[in-house]
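The values are calculated or read from the model by the stated rules, or taken from the named source; none is laboratory data. Keep in mind that this is a model prediction, so the values were computed, not measured. Here the Cβ positions follow ideal geometry from the backbone for every residue, glycine too, while neighbour counts run over all protein chains shown.
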């Protein structure tokens with residue numbers, strides 16, 4: 001009887017630890033996604049100053065050990081892209097020239113898509129979209145096209161190319 005109680009207690013502790021770690025790591029991935037989407041929406045609105053501010057917040061999130069609590073396989077995947085994501089978000093945050101921000105945004109988008117696709121932890125559906133004029137992709141929270149590469153000049157230029165369903 002004592003062994004059964006001990007085993008139940010150990011199991012309960014393990015489940016509590018596992019449950020506590022998952023939301024923390026999911027929360028970090030959701031913060032990264034939200035930060036990225038804020039940058040995307042700023043670029044779509046042709047607001048270089050807001051893009052720079054939002055990219056700074058994204059950089060700070062990326063710099064705060066977002067892989068903490070992830071299982072080793074997911075940590076490795078994130079770590080493979082983390083420096084690239086930080087590099088592009090830092091560069092977007094340091095300039096207020098839309099053209100230059102958009103150059104780094106293309107790389108940021110490509111790398112974040114690979115991370116989200118591999119981690120399978122996004123709390124909301126994410127759409128990969130493509131601009132044929134720029135020949136570049138971006139991620140969106142909606143199927144509606146709001147082109148961050150051409151902003152107000154060509155807001156609806158693009159198409160959805162992939163969907164990453166929300167993971168519950």
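Overview of values
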quantity: Filter result for residue 115 (surrounded by 14 or more Cβ atoms within 10 Å (Cβ to Cβ), touching a residue at least 12 places away in the same chain (Cβ under 8 Å) and under 20 Å from residue 142 (Cα atoms)); calculated: yes
quantity: Some residue of region 66-86 being on the phi > 0 side of the Ramachandran plot and in contact (Cβ under 8 Å) with a residue 12 or more places away in the chain; calculated: yes
quantity: Candidate set: region 55-76, residues that are surrounded by 16 or more Cβ atoms within 10 Å (Cβ to Cβ) and more than 13 Å from the chain's Cα centre (by Cα); chosen: the one nearest to residue 141 (Cα to Cα); calculated: 56
quantity: Residue in region 120-129 that is part of a helix (DSSP H, G or I) and modelled with pLDDT of 95 or more present; calculated: no
quantity: Qualifying positions in region 134-151 - in a loop (DSSP other than H, G, I, E, B) and in contact with a helix residue (DSSP H, G or I) (Cβ under 8 Å, 6 or more places away or on another chain); calculated: 134, 141, 146, 147, 148, 149, 151
